[in-house]
Number of protein chains: 2
Amino acid sequence: MAKIETLTRPQLETAYEKLKEAIEKRKTVLLIGTCHVDYRGRASSKLESGERIAIVKEDGALLVHRPKGYEPVNWMPGGNTKFHIGIEKIENGNKILILKAVRSKPTESVAVYFETIELLVVSELVDSGKFSLYASEHDMQKAILMEPSILEEGFKPISFEKKVEPGFVDVYGIDSEGRLVVVEIKRRTAGREAVLQLAKYIDSIKQKVSREIRGILVAPRLAKGTQRLLDTLGLDFKALDPKKCAEILSKPKVRGLEEFL
Amino acid sequence: MAKIETLTRPQLETAYEKLKEAIEKRKTVLLIGTCHVDYRGRASSKLESGERIAIVKEDGALLVHRPKGYEPVNWMPGGNTKFHIGIEKIENGNKILILKAVRSKPTESVAVYFETIELLVVSELVDSGKFSLYASEHDMQKAILMEPSILEEGFKPISFEKKVEPGFVDVYGIDSEGRLVVVEIKRRTAGREAVLQLAKYIDSIKQKVSREIRGILVAPRLAKGTQRLLDTLGLDFKALDPKKCAEILSKPKVRGLEEFL
DNA sequence: GAGTGGATTTCGCAT
DNA sequence: ATGCGAAGTCCACTC
């Protein structure tokens, strides 16, 4: 069971002591209070005073959350973050608790200035639960390699993530007629960008090989104007649902390729 | 001052009541406890049991944070999220508190299953503080438009964010010799991708205009192999620091263009 | 250490 | 609503 310590409306000095100790001991801290925030580094930002939630995690990650939105308004990724905690007097004689996170690559810092603290929670969370994600682009690639017929009948993969000049070809193979096939995979609706990427690969390969080359764009669906562009460039499209791919991977029927992946 | 209500190790039933009411009233809720999480939608994920922090924001955003890392392990962006809260009995006779967030575009859901709750905090945060970010790519663009000489002497901008076939040209102008100039701006180290993007714009414009066209890539610095690619394609590079651009914008000297931006 | 591309990317803006 | 590209993107992986 998590050990949790809770302080409601602590004095800033009390909060300072607790915060300092908790961060030194790499505990997880949660703060709710009125603060303003400055960020300096790759860019700079200024957040004026308001009530927010701040979290300092075990690994030194810092998050400042406003009461709306998925993203933190200010943050610092964990890993190489150093913290400086202090109390300062401001103009009106009031005190302010400063929580500053600094890292050096890239050089940047987030300083949170707490005017008041409504709640401070220090906890030691135990979390070794496994996280698994299914139906990523990588899953789609694996599915095509394990069961090439989902791309088209007779397709035989040769290699994958092959380096060609402009980048990496997702899958590379031969179709039933013996033509070279370059496959570009997108896990979401494919737009112009995906098509141009595929075209670029093909163009680059054409300059080296004199064989006929086909390009197939694989994605759950095409963005609106995209079919026309595909036609213009003479490329094919194959609709493929990432979830279907995840299903294919979940029932292991083709065993041979597994160590290959 | 934020109104805050705190429950330490509440019964699941008590937590259920509080949670239901808080979410109905669009308050911000913070939960610490042992849970497992399922996500289904664009992809699927499964997170096994462990101690985590869950936050439900006013706008319906849901975040589940592990004790490490900048990113939430599971989440749902706010806006059109609907919540379903319930208590269920599981095999061993124990109960479980279910917090499920659902949205329909895209169709997906996150279900958090709390086995125990260490802490539940309900608060109404008041936050109207203004957030300002400086030195974005947009700031760089504005700086070039307001003070074109930072790009090069004699440069005269014609338009910006101009649509050409593959996308949008950041800035478009004429140099001191009267040649057309296409400017591609990156706020970070520019790599091959940025160069290819610029090349594509120029290529597309060349097919329409018969004038000589120059391309200038603007970024704080170039990635390693990138200079060679620029040379090959006959493009120029101009080092420009986003922060310097932000400074230029902060001291308003050229007034004429302002309403233009 | 830098480069490269994916992400349940999210977000915002323009069409 | 859809498309499109930026982001303090972060992150994992390769060279």
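The values are calculated or read from the model by the stated rules, or taken from the named source; none is laboratory data. Predicted, not measured: the structure shown is a model, and the values here were computed from it. Don't worry about glycine lacking a Cβ; one is built from the backbone with ideal geometry, like all the others, and counts go over all protein chains shown.
Structure notes:
- Hits in region A:47-64 - residues which are in contact with a Ser or Thr (Cβ under 9 Å, 6 or more places away or on another chain), under 19 Å from A:Leu19 (Cα atoms), within 12 Å of DNA strand D (Cβ to nearest atom) and part of a strand (DSSP E or B): A:Leu62
- Taken over region B:28-54, the criterion of being within 24 Å of the chain's Cα centre (by Cα) and away from DNA strand C (no atom under 13 Å from the Cβ) is satisfied by B:Thr28, B:Val29, B:Leu30, B:Ile53.
- Criterion applied to B:Phe131, B:Phe114 was being within 13 Å of DNA strand C (Cβ to nearest atom) and either of a type outside the set (Val, Ile, Thr) or touching a helix residue (DSSP H, G or I) at 6+ places or on another chain (Cβ under 9 Å) (or both), and the one residue passing it is B:Phe131.
- Boolean, A:Ser123 is under 30 Å from A:Pro10 (Cβ atoms) and in contact (Cβ under 8 Å) with a residue 12 or more places away in the chain: yes
- Filter result for A:Tyr39 (more than 24 Å from B:Gly50 (Cβ to Cβ) and of a type outside the set (D, E, K, R)): yes
- Residues that are within 12 Å of DNA strand C (Cβ to nearest atom) and surrounded by 17 or more Cβ atoms within 10 Å (Cβ to Cβ) within region A:176-216 comprise A:Val183, A:Glu184, A:Ile185, A:Lys186, A:Arg187, A:Ala190, A:Ala194, A:Gln197, A:Leu198, A:Lys200, A:Tyr201, listed in sequence order.
- Test: B:Ile96 is part of a strand (DSSP E or B), touching a Phe, Trp or Tyr at 6+ places or on another chain (Cβ under 9 Å) and away from every other protein chain (no Cβ under 11 Å): yes
- From the options B:Val37, B:Val64, B:Val73, B:Val102, residue that is of a type in the set (A, V, I, L, M, F, W, C), within 12 Å of chain A (Cβ to nearest Cβ) and surrounded by fewer than 21 Cβ atoms within 10 Å (Cβ to Cβ): B:Val73
- The set of residues from region A:143-170 being within 16 Å of DNA strand D (Cβ to nearest atom), away from chain B (no Cβ under 14 Å) and in contact (Cβ under 8 Å) with a residue 24 or more places away in the chain comprises A:Leu145, A:Val169, A:Asp170.
- Criterion applied to A:Asn92, A:Asn80 was being surrounded by fewer than 16 Cβ atoms within 10 Å (Cβ to Cβ), among the polar types (S, T, N, Q) and closer than 21 Å to B:Glu71 by Cβ, and the one residue passing it is A:Asn80.
- Taking (1) more than 14 Å from every other protein chain (Cβ to nearest Cβ); (2) out of contact with any Lys or Arg (no Cβ under 6 Å at 6 or more places or on another chain) in turn, B:Arg221 satisfies each apart from (1).
- Test result for A:Ala54, at the interface with chain B (Cβ under 7 Å from one of its Cβ atoms) and of a type in the set (A, V, I, L, M, F, W, C): no
- Subset of region B:203-222 (residues that are assigned to a helix (DSSP H, G or I) and free of Cβ contacts under 8 Å to residues at least 12 places away in the same chain): B:Asp203, B:Lys206
- Residues satisfying the stated conditions in region A:124-137, i.e. in contact with a strand residue (DSSP E or B) (Cβ under 9 Å, 6 or more places away or on another chain) and within 13 Å of DNA strand D (Cβ to nearest atom): A:Phe131, A:Leu133, A:Glu137
- Taking the numbered list (1) modelled with pLDDT of 95 or more; (2) within 15 Å of DNA strand C (Cβ to nearest atom); (3) assigned by TED's automatic domain parsing to the domain that holds A:Leu19 in turn, A:Lys105 passes all entries but (1).
- Region A:217-228: number of residues that are within 14 Å of DNA strand C (Cβ to nearest atom) and either more than 23 Å from the chain's Cα centre (by Cα) or crowded, with 16+ Cβ neighbours inside 10 Å (or both): 7
- Candidates in region B:16-27 are the residues that are under 20 Å from B:Ala61 (Cβ atoms) and either assigned to a helix (DSSP H, G or I) or at pLDDT below 95 (or both); of these, the one that is nearest to the chain's Cα centre (by Cα) is B:Ile23.
- Unmet requirement for B:Phe168, which otherwise passes all of (1) at pLDDT 90 or above; (2) of a type outside the set (Asp, Glu); (3) assigned by TED's automatic domain parsing to the domain that holds B:Glu247: (1)
- Restricting attention to region A:18-36, the residues that are touching an Asp or Glu at 6+ places or on another chain (Cβ under 8 Å) and not aliphatic (A, V, I, L, M) total 8.
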